[in-house]
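J.: Sending over a structure as structure tokens; questions will come in a sec.
Derivation of every value follows stated rules applied to the coordinates shown; laboratory data play no part. What you see is a predicted model; the values in this text were computed from it and never measured. Every residue, glycine as well, gets a Cβ built from its backbone with ideal geometry; the counts of neighbours run over all protein chains shown.
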Amino acid sequence: MTVETATKTLVHYSVQDGVAVLEMDDPPANTYTHDMMRQLDEAILRARMDDGVHVIVLRGKGDKFFSAGANISMLQTVTPRFKYFFCLHANETLNRLEQTPKLVIAALNGHTVGGGMEIAMACDLRVARRDAGKIGLPEVSLGVLPGTGGTQRLVRIVGKSKAIDLMVTGRVFSFDEALDLGIVDQVLDPDNFMEQVLAYAKQFVPPNKASKAVGLIKRSVQTGAELPFQDALALERELQQQLFQSDDAKEGLSAYVERRTAKFQGK
């Protein structure tokens, strides 16, 4: 299955055992344009509304690039007004990715730089292929800043001083260093990388996990982190009440009492 346009398919969509795989495809570096962002937006909505999808995995086509960010050639040929609205639309798409109530895993299969890293930071978890490429935000070398949420998401991951250092130097670095900084959550061996990523993703799919609880944990963290503490606690209580009424909570509590493995349905 693919997300179709009148011109070219830039985001491929497939589902396997409850995991939707979204693959950015614009060789050689999977750079994004307005068309790709529109297709990505459509794919995110499609996965969100599909009851058979519990986890989303985002990757780049091939084994050299996750994404090198925005297409610079495109940016050179458009008006300042278009650039502004392009950034606005890209931000809206990444916000949708971040706020969709399903776990999103970025599979960093290659270089993840500039806007590519900004896409990855909008995902909930980042899993990288060892020695497959570099990661970083080098926009300062172009005379601009990371303008698709990069300044705001990076500071929330690594703190103010480290975020400023990484962005004003514009240096790119290994996935292992990104792991040490907390930007990447896991670095996997390169052999059978996607098989490992999918195996990791499937642990969050029923019957293994209560996917509704996973999604609401995500929502509590993503939304609550931006609220005053007492408001965040109120949100947490509201989401917990929703889960207490779910079939999976009943199954989980019963399985605990009966000393058996729970079999969740995502309901």
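J.: Under the definition of Cα pairs under 8 Å and six or more residues apart, what whole-number percent is the relative contact order of the chain?
T.: Values: 491 pairs, mean separation 40.7, N = 267.
Dividing the mean separation by the residue count of the chain yields 15 percent.
J.: Among the GluC sites (Glu not before Pro) in region 159-267, which ones are in a DSSP loop with at most 11 other Cβ atoms within 10 Å of the Cβ? Mind listing them?
T.: In loop regions of region 159-267 (DSSP not H, G, I, E or B), the sparsely surrounded GluC sites (Glu not before Pro) are Glu226, Glu258.
J.: So, in Å, what gap is there between the alpha-carbon centers of region 207-267 and region 64-125?
T.: The distance from the Cα centre of region 207-267 to that of region 64-125 comes to 29 Å.
J.: Where the centre of each part is set by its Cα atoms, how far does region 176-195 sit from region 140-159, in angstrom?
T.: If we compute the Cα centre of each part, the gap is 21 Å.
J.: Among Gln39, Gln230, Gln16, whose mean-square fluctuation peaks in a Gaussian network model of the chain (Cα, cutoff 10 Å)?
T.: Maximum among the listed residues: Gln230.
J.: Follow-up question, since we're still on this one. If you build a Gaussian network model of the chain, linking Cα atoms that sit under 10 Å apart, which residue out of Arg156, Arg96, Arg38 swings the most?
T.: With Cα springs under 10 Å in the chain, the top fluctuation among Arg156, Arg96, Arg38 is at Arg156.
J.: Ok, one more. Dipole magnitude of region 11-202 about its Cα centre, charges +1 at Lys/Arg Cβ and -1 at Asp/Glu Cβ only, in debye to the nearest 20?
T.: For region 11-202, the charge dipole is close to 560 debye.
J.: Let me spell out the model: positive unit charges on the Cβ of Lys and Arg, negative unit charges on the Cβ of Asp and Glu, origin at the Cα centre of region 1-75. What dipole size does that give, in debye rounded to 20?
T.: 200
J.: For a quick check, take a GNM of the chain with Cα springs below 10 Å and name the residue from Ser67, Ser211, Ser141 with the largest mean-square fluctuation.
T.: The residue with the greatest mean-square fluctuation here is Ser141.
J.: Test of understanding: ordering Thr223, Thr100, Thr261 by Cβ neighbours within 10 Å, fewest first, what list do you get?
T.: Thr261, Thr223, Thr100
J.: Residue farthest toward the positive end of the dipole of the chain, with Cβ of Lys/Arg at +1 and Asp/Glu at -1: which of Ala213, Met194, Leu125?
T.: Ala213
J.: Within straight cross-link reach of Lys267, meaning Cα distance under 20 Å, which aspartates and glutamates are found once same-chain residues fewer than 8 apart are removed?
T.: Once the sequence-local aspartates and glutamates are set aside, what remains near Lys267 is Asp17, Asp50, Asp51, Glu236, Glu238, Asp247, Asp248, Glu251.
J.: So what are the ³J(HN,Hα) numbers for region 238-254, from phi and the Karplus equation (6.51, -1.76, 1.60; θ = phi - 60°), rounded to whole Hz, Gly and Pro as x?
T.: For region 238-254, the Karplus curve yields 4, 5, 5, 4, 4, 5, 4, 8, 8, 5, 5, 5, 4, 5, x, 5, 5 Hz.
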